[in-house]
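In what follows, a structure is listed as structure tokens, so that the remarks can point back to it.
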Amino acid sequence: MQLAFRSSIWLKLAIFVGVLVVLASGVLIWTAYLFARDMLVDQIHARLTVTASDRQAMLLAYIHQQQERLGLVASRMRLRLLLEEWADDKITDAAFRTGTTPILVDVQKSAEDFLVIGITDLAGKVIAATEETYLGQDFSADLSFVHGQHVAYLSLPRLTRGRYQAFLSGPATAPDGQLVGVAMVILDLGPLEQLLSDATGLGQTGEIIVGTRLGDKVRHLLPPRNDPEITEVPLASTPAMAEALRGHKGFAQTTDYRGVEVVAAYQPVEYRGWGMVAQIDAAEAYAPVKRLRFVLLVLEAAILLVGLAASSVLARRFTWPVIALAETAAAVAAGNLEAHVTVTSIDEIGRLGTTFNHMTEELAASYATLEQRVADRTRELAQANAELAREIVERKRAEAALIQSEKLASLGQLAAGMAHEINNPIAYVTNNLAVLRRDMRAAMGVLDTYREGHDSLARVAPDLATAAARMEQDIDLPYIQKNFLRDFDTSLQGLQRVRDIVGNLRDFARLDEAEFKEIDLNAALRSTVEIARYELKKKEIRLETGFQELPPVLCHPGKINQVFLNLLMNAVQACALGGAMALHTRAVPGEGVEVEVEDNGCGIKAEHVPHIFEPFFTTKPVGQGMGLGLSVSYGIIRDHGGSIAVDSTPGRGSLFRVRLPLQPPRQG
């Protein structure tokens, strides 16, 4: 009987503790594994998708750049005049080649990747070229010649003497616009090959593949990184490329041209039906998941062994004192109030034995005070429960504070990543616009020089002078010369506005410091209103302004302008067609300046007002806003030592009030 009792207690405790340890550790480990696996898959998806989009943009930019360069060759006035004279039989073939060859050679010197430049007649015969070996060759059946009569055309690459080359062709017209030939260039695709072979961020097996469909097969434009010998594969054997060639964009785990399982992001190139795939072998992509799974399984096994050993030891430690206590209790129940438990520890079991001994002593001494002791003990337990409840509440509060801190840290990292990714393409566009502005100014200077010789040209070639004058009138050349610099400046200002938006996002995440200077706040508001003028006109909104005289304000002009633009655009979006807005400024003695932006739009619900300055909080439909405008504005005003408040009534409109000190605290 005693043996059965002892075995039962030990077995139950051992099983209970062991199962508890295994379940708890198993749930935690499995949850961590699932979270890490999903996070890695999302990262791979994002990395491949961004890489594919980036390379697609670079590829299109390269193609368009080459087409524009060919257009510049074909549009050279001297070349077009020679083509017209040759087409009208005013000069011989030899004279035409003598006149055009220096022009083509001069172009070739400035374009190293133009290996050969030639001109064909409308029958496809080469009539002028930088290399005499191409003179007289017939390209009438070549697709480059066929398509080049209408548009700038880049053919499929081909390997020639160890270098990948392609035909670049386009129409060659006389000054009157008549097609008289085709300009054809043998283009060195070394830069394109380097662009597509760059596997940065794609690991050991990652690669970028561009292909086109030829019947039921896929042809790779350039040799794949992992197997350069494979240039054509059946369409069905490369599902990701097949989807890209159908014009679809997405992400999939599938097999590639080698029959190897890969994870791939695919999308169309949007040029001649080409498709692009960015892929990594699945074995490499998911290798960290497999390693993590093995480590977690080993850890689970170790925890299981330790848990079982610990549960056995704990069960034995608990059962022997309990058995001794049970035997003593049986003796007391039999009437032996002198029986005592031998106490060998000071833990809960030891305290239990001591308490039991004290109980028997008290029981033996007197039963009269039993009820009082029970009442005292009950009160003590109540106090202990109250303390425990307070401790639980405090722990929950601490846990909530920790979660909020982690959320804010994650937001900072997200803001930094977004700012970095946006700044790169903006830098490309800004630089290209600046270069184009400089080249257009130079081109206009050259055009002015030509125009100065108009009278001389009219005496020598009246028909040509008349055609030139007619072309100037058709394109309204004076208007272009007068306004093209302003158009470039407006575009550069727009790009600068995008830079300012990115800067505000970085500033909200405290990624860098701003530069301050004194500005006329009224002038800044007027320029901001002009930026939003189109939206005001589109919705027929009446804007009332009341600008009082203000002292200069020391601030970051771009950021402050962004704040007011955000407030104005929010007010415009809140207003219905034909609504009304008001913009007022005033000086606040001893405090600084105050700006009010008021609208009679839909207003803000009371339950939304406390959250409107939180990042990513928005009540707009999906696609119309990310909820960053007011949060960034709040951060800017806060960093300037100012305040921003809102007073809104649903159905009647909203009033945003911004106060700024004359000097920010850190600039005082």
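The values are calculated or read from the model by the stated rules, or taken from the named source; none is laboratory data. Because the structure is a prediction, the values reported are computed rather than measured. Neighbour counts run over all protein chains shown; Cβ positions are idealised from the backbone, glycine included. The area values use the complete protein model at the heavy-atom level, side chains included, leaving out ligands, DNA and RNA. Shrake-Rupley method; radii C 1.70, N 1.55, O 1.52, S 1.80 Å.
Computed over protein heavy atoms with a 1.4 angstrom probe, the accessible surface ordering of Val374, Val588, largest first, is Val374, Val588. In a fully extended conformation the segment linking Thr344 and Glu614 would gain 91.2 nm over its present Cα-Cα distance, using 0.36 nm per residue. For Asp520, the accessible surface of its heavy atoms amounts to roughly 80 Å² (probe 1.4 Å, protein chains only, rounded to the nearest 10).
Taking the Cβ-Cβ separation of Ala330 and Phe16 as r and a Förster radius of 22 Å, what is the calculated FRET efficiency to the nearest 0.05? That pair, Ala330 with Phe16, gives E of 0.30.
Nearest 20 debye, what's the magnitude of the dipole of the chain about its Cα centre given +1 on Lys and Arg Cβ and -1 on Asp and Glu Cβ?
My answer is approximately 960 debye.
Give, as ranges by residue number, the residues of segment 459-487 whose backbone N falls under 13 Å from the point 7 Å along Cα→Cβ of Tyr534. Backbone N within reach: none found.
How much net charge surrounds Gln56 when only other residues with a Cβ under 13 Å from its Cβ are counted (Lys, Arg +1; Asp, Glu -1)? That works out to 0. For the chain, the longest principal axis of the alpha carbon atoms and the long axis of helix 2-74 meet at an angle near 10°. Starting from the Cα of Arg272, move 7 Å in the Cα-to-Cβ direction to define the label point; list residues of segment 142-175 whose amide nitrogen is under 14 Å from there. Zone members listed by number: 142-159, 165-170. When mean projected area of the Cα convex hull in nm² is calculated for this entry, the matching label among (1) 41.0; (2) 28.1; (3) 51.5 is (3).
Which part of segment 473-499 falls in the paramagnetic zone of Leu457, meaning amide N under 19 Å from the point 7 Å along Cα-to-beta-carbon? In segment 473-499, the label zone of Leu457 (backbone N under 19 Å from the point 7 Å along Cα→Cβ) covers 473-482.
Residue separation of Leu363 and Asp54 scaled by 0.36 nm, minus their Cα-Cα distance, works out to 102.6 nm of gained length. Against the chain, whose longest principal axis comes from its Cα atoms, helix 477-508 is set at around 10 degrees. With R₀ set to 25 Å, the beta-carbon distance separating Thr430 from Ala46 gives a calculated FRET efficiency near 0.45.
Across the chain, the longest run free of exposed loop sites, meaning GluC sites (Glu not before Pro) lying outside DSSP classes H, G, I, E and B with no more than 10 other Cβ atoms within 10 Å, spans 339-512. Put simply, the amide H of Ala172, placed in the peptide plane, has neighbours under 5 Å in Val180, Gly181, Val182, Ala183, leaving out anything fewer than 5 places away on its chain. Fully extending the segment from Ala469 to Ser140 would add 114.9 nm, taking 0.36 nm per residue of separation and subtracting the current Cα-Cα distance. Estimated from helical segments only, the mean residue ellipticity of the chain at 222 nm is -19500 deg cm²/dmol, where each DSSP H run of four or more residues counts as -39500 (n - 2.57).
Can you give the FRET efficiency for Leu577 and Ser527, using 1/(1 + (r/R0)^6), R0 = 30 Å, r = Cβ-Cβ distance, to the nearest 0.05? Show your work: numbers first, answer last.
Details: r = 26 Å, r/R0 = 0.86.
Result of the calculation: an efficiency of 0.70.
Each other residue within a Cβ distance under 13 Å of Gly118 adds +1 if Lys or Arg and -1 if Asp or Glu, for a net charge of -3.
Heavy-atom accessible area for Tyr450, with the other protein chains in place and a 1.4 Å probe, reaches approximately 150 Å². For the residue pairs Lys517/Lys605; Lys482/Lys538; Lys539/Lys605; Lys537/Lys559; Lys482/Lys537; Lys559/Lys620, alpha carbon separations beyond 32 Å are given by Lys517/Lys605.
Within the shell of other residues whose beta carbon sits under 15 angstrom from the beta carbon of Val595, the net charge comes to -4, with Lys and Arg scored +1 and Asp and Glu -1. Using a probe of 1.4 Å on the protein chains alone, the accessible area found for Tyr266 is around 30 Å².
Within the accessible area of segment 416-499, the carbon and sulfur atoms contribute 59%, probe 1.4 Å, all protein chains present.
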